[in-house]
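To start, the structure itself, in structure tokens.
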Amino acid sequence: MATLTTMTAPLLQWGRKSQPHGYQNRYGHYPQCYAICVCSGQLRLERPHHPRVDLHPGAAVFLAHGAPFTLSTPVAAYSGHFVEWPLPSRLAQEKIPPQAVVIPANRPLRAAINAIEGEYAGAADAEALTLLYHLAARRIHLAMGAMDSIPGGADAAAIQARLSANLQTAATIADILGDDSAQRQARRMLSSAGLPPPKRLLLDLKLDEARRLLRSGHLAVTAVAFELGFPSSQHFATCYRKRFGLSPSAERRATGDDGRTPGGARKTQGAGSRTSREH
């Protein structure tokens, strides 16, 4: 992907972002080269000839120069972080597809964003934040490179993003992906990228999110099950134990009420001083 050459350049700027509920901004030809990582709430992305995608915490979107798209918050406000790269050269622009690319939630990017949040909650050291935002940009760069290097990877990533956008619902695979033909196509795309079938992938994504919520210590087991659309707490517990080898209640007990992990490190969240509200 030619875009990646531009993404190795030093960043122009970076910082926190937020938009209120009801925000909408439509671009016919995006004037920047930008990425947004969602930390809370929900950001909707709509692109020509693509299904709409609701970006939840952990997901990101790369917005290429010249891309047509609409960003909005019809369900809830969102907050997160942004990084901006220099515009590509004229020659590079001719080779870069002007598109908005969804980057599904992944652990390396989430770890970088969590580190940024932790720094804002603590000393908010400018040099440390500079390094951490460049690390987040690098994680985005690598995620896009991985998507581009796998046959059908971009399509598989779009399917994964669509599934990730429905973690907090009881929607079925048919609700999310469509009829049998669409589901078969999705299975082929996921298989070519080394991923499980849609139904299994959706369950895995829900259980990964459940583990994160349980370890945060803020929700009870029944609340997590309800939040992620499981039909009952018993069904949730069965699936969780099969995936991780322990029950949800045991997972939650392993994390103290003060938000400490079993290893004793306190989890931090915070707000930063630099904010961008352009998107």
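Residue check: is Ala161 surrounded by 17 or more Cβ atoms within 10 Å (Cβ to Cβ), within 23 Å of Glu46 (Cβ to Cβ) and touching a strand residue (DSSP E or B) at 6+ places or on another chain (Cβ under 7 Å)? Even if it seems obvious, please write down each step before you answer.
Working: surrounded by 17 or more Cβ atoms within 10 Å (Cβ to Cβ): yes; within 23 Å of Glu46 (Cβ to Cβ): yes; touching a strand residue (DSSP E or B) at 6+ places or on another chain (Cβ under 7 Å): yes.
Here the answer is yes, as Ala161 does meet what is asked.
Across the stretch 9-60, the number of residues qualifying as touching a His at 6+ places or on another chain (Cβ under 9 Å) and charged (D, E, K, R) comes to 2.
The helices (runs of 4 or more DSSP H) found wholly in the stretch 150-233 and carrying at least 3 residues that are among the basic types (Lys, Arg) occupy 180-192, 198-216.
Take the residues of the stretch 1-40 that are among the basic types (Lys, Arg) and either in contact with a Lys or Arg (Cβ under 8 Å, 6 or more places away or on another chain) or at pLDDT below 95 (or both): which is nearest to Ala121 (Cα to Cα)? If we take residues in the stretch 1-40 being among the basic types (Lys, Arg) and either in contact with a Lys or Arg (Cβ under 8 Å, 6 or more places away or on another chain) or at pLDDT below 95 (or both), then Arg16 is nearest to Ala121 (Cα to Cα).
Look at Ala158 and say whether it is among the small types (Gly, Ala, Ser) and modelled with pLDDT of 85 or more.
Working: among the small types (Gly, Ala, Ser): yes; modelled with pLDDT of 85 or more: no.
So Ala158 fails the test.
The values are calculated or read from the model by the stated rules, or taken from the named source; none is laboratory data. These numbers come from a predicted model, not from an experiment. Cβ sites come from the backbone with ideal geometry, for glycine too, and all protein chains shown count toward neighbours.
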